[in-house]
Amino acid sequence: MDDRDSVYRQRFLMYSAIRLGGVIIFFLGIAIAYSSLVRPGGWPQVGAIIAIVGALDALLMPRLFKKSWDRKDQDGSAQ
């Protein structure tokens with residue numbers, strides 16, 4: 001049981017890190033769009049693209065990983 005606990009703990013940490021990374025990318029896009037981080041006055045076009053990519057990453061990537069993990073669990077391999 002200890003082995004399965006460590007696998008699930010590792011998966012939870014990976015899931016959280018992926019989601020947090022997407023949120024960080026989203027806020028980076030917002031900062032690029034509305035601040036002078038990249039160029040004076042902001043860069044709304046590039047910032048919007050980065051923010052959208054970050055939002056999609058935060059929402060979709062954890063689900064894709066979970067589907068992959070579920071498939072591996074059904075096949076019988078833990079990792």
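The values are calculated or read from the model by the stated rules, or taken from the named source; none is laboratory data. Keep in mind that what you see is a predicted model, and the values were worked out from it rather than measured. Neighbour counts are summed over all protein chains in view; Cβ atoms, including those assigned to glycine, are modelled from backbone coordinates with ideal geometry.
Assorted remarks:
- Selection count where residues are among the charged types (D, E, K, R) and either in contact (Cβ under 8 Å) with a residue 12 or more places away in the chain or under 15 Å from L20 (Cβ atoms) (or both), scope segment 45-64: 1
- Meets criteria (in a helix (DSSP H, G or I), loosely packed, with under 11 Cβ neighbours inside 10 Å, more than 9 Å from the chain's Cα centre (by Cα) and modelled with pLDDT of 95 or more) for L28: no
- Odd one out for R4 among (1) of a type in the set (D, E, K, R); (2) modelled with pLDDT of 95 or more; (3) exposed (fewer than 12 other Cβ atoms within 10 Å of the Cβ): (2)
- Members of segment 5-57 that are within 30 Å of D73 (Cα to Cα) and of a type in the set (K, R): R9, R11, R19
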